[in-house]
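Each value in this text was obtained by applying a stated rule to the coordinates, not by laboratory testing. Everything numeric in this text was worked out from a predicted model, so none of it was measured. Every residue, glycine as well, gets a Cβ built from its backbone with ideal geometry; the counts of neighbours run over all protein chains shown.
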Amino acid sequence: MILEKLHLENFKLFQNATMSFMRGMNVLIGKNSTGKTAILEALNILINNNYPIIIDNIVPYFSSSNNTVLIEGTFLITENEQELIRRYMIQNKISVKDEMLPTKVVLAKRIIKSGVRVNITVEQKYVNKTQVSSATLQIFQNVLIPKLQHNTFLFLSNLISQMQHAKSMPLQMMQNEPLLPLSQFAQVINDNHNLISQYVKSLFFKTKTSNIDEFNKLKRYFLDALPEFSDIEIEYDPDIAQLNVFQKITGLNKKVPLTNEGLGIQEYFNILLILHYFNDSIIVQDESFIHMHKFLLTNLLVSLGDSDYQMITTSHIGDLIKSLSSNNIIICEKDGFIGSTKNLSEADDIIKVLTDLGYENEEDIKNIKNILSDIANEETK
């Protein structure tokens with residue numbers, strides 16, 4: 001599914017805020033303490049029923065009389081979910097006309113503090129004006145909600161710490177076990193972030209053995225961005241008893257483990273594979289791309305191109321902002337205690353927004369504004 005809209009009421013600094021998202025890269029920008037990370041936390045609370053909710057930490061102090069928090073997400077149903085629905089209908093001999101099937105779904109979580117007790121209610125509904133029947137309700141409960149709650153989101157913590165931890169991670173769970181399907185792994189990863197680095201390596205190795213064209217395509221993305229390397233390979237490394245990725249240095253008959261390279265190169269490799277293999281999940285990460293040079297970052301976005309993925313992240317990186325349409329950039333602001341959001345394309349003064357974020361070079365600021373303006377003009381043609 002694709003997250004189309006998020007609505008927050010009485011959540012942290014957001015009294016009443018609605019923000020829209022698109023396919024591709026979505027970046028939350030703003031000064032410190034304007035709610036960027038809070039938005040990602042709201043998504044985690046909405047989806048993850050095991051998320052430890054401390055009600056006093058999410059009810060804003062400006063609203064002590066109102067102890068009710070609402071987090072509501074609107075999701076577009078993609079072709080993948082439509083196919084799941086068709087299979088479910090065939091298996092259960094359900095007959096529903098195509099025009100009766102949902103195109104959007106809403107999942108909301110209402111959190112109410114009553115004395116020392118906290119009550120959580122979950123609300124689910126269709127958005128389109130579909131006549132609700134027992135069949136459509138069955139599809140909703142047995143297909144869409146499990147898909148939404150268990151493997152629509154992939155929350156990433158710090159990828160670098162994951163990669164460092166993976167060096168010493170035992171292989172017990174991998175030995176003599178088949179790879180988990182991606183749909184199941186997305187459920188596991190949100191409770192154990194340290195698995196992600198080794199898992200994408202396993203997928204990369206599986207691609208090498210089963211689809212050499214796809215494997216060479218992924219290699220080419222990496223090598224085009226890093227001309228100092230002549231080749232990249234993945235193989236079993238007996239020194240660590242795990243799969244390991246090696247680069248061959250151009251002009252030298254020598255290979256170097258990926259984990260010996262700079263953090264930006266490691267981040268590039270992992271993000272590229274994650275977005276490739278988990279393109280049916282919404283990837284959520286706070287402060288992505290912090291180690292990447294602008295050349296690597298640009299190559300990453302070019303490599304992704306028109307890939308069908310959705311990622312939501314926070315960033316202060318000007319090169320990332322320059323590389324995206326203004327429709328993919330959400331500004332977080334704060335007036336006193338109250339937070340608000342708007343799309344960069346809706347900003348009255350883009351130069352002021354960029355100056356507030358700390359960009360001081362007037363030429364850079366004007367270049368960013370001109371690039372965003374050119375992108376916007378292209379989209380309206």
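Summary table
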quantity	calculated
³J(HN,Hα), Karplus 6.51/-1.76/1.60, whole Hz, each residue of the range 99-104, x for Gly, Pro	5, 8, 6, x, 10, 9
Ile240 versus Asp98: modelled label distance in nm, points set 7 Å from Cα along the beta carbon direction	4.9
Pair Gln124, Lys248: separation of 7 Å Cα→Cβ label points (nm)	5.2
Order of Ile234, Ile282 under a 10 Å beta carbon neighbour criterion, fewest first	Ile234, Ile282
5 angstrom amide H check on Asn26, placed H, neighbours 5+ away	Met311, Ile312, Thr313
Per-residue Cβ neighbour rank within 10 angstrom, fewest leading, Phe269, Phe337, Phe205	Phe337, Phe205, Phe269
Ordering of 298-305, 105-112 by burial proxy (mean other Cβ atoms within 10 Å per residue, highest first)	105-112, 298-305
Inter-site label distance for Asp213 and Asp308 at 7 Å from Cα along Cβ, in nm	1.8
Cα pair count fraction exceeding 24 Å, expressed as % - the range 1-91	33
Built amide H within the under 5 Å cut-off of Asp231, gap 5+	Lys248
Debye equation applied to the C-alpha atoms of the range 191-325, log10 I(q)/I(0) at 0.17, 0.21 Å⁻¹	-1.00, -1.52
Under-5 Å amide H pairs with Ile317, H placed in peptide plane, nonlocal only	none
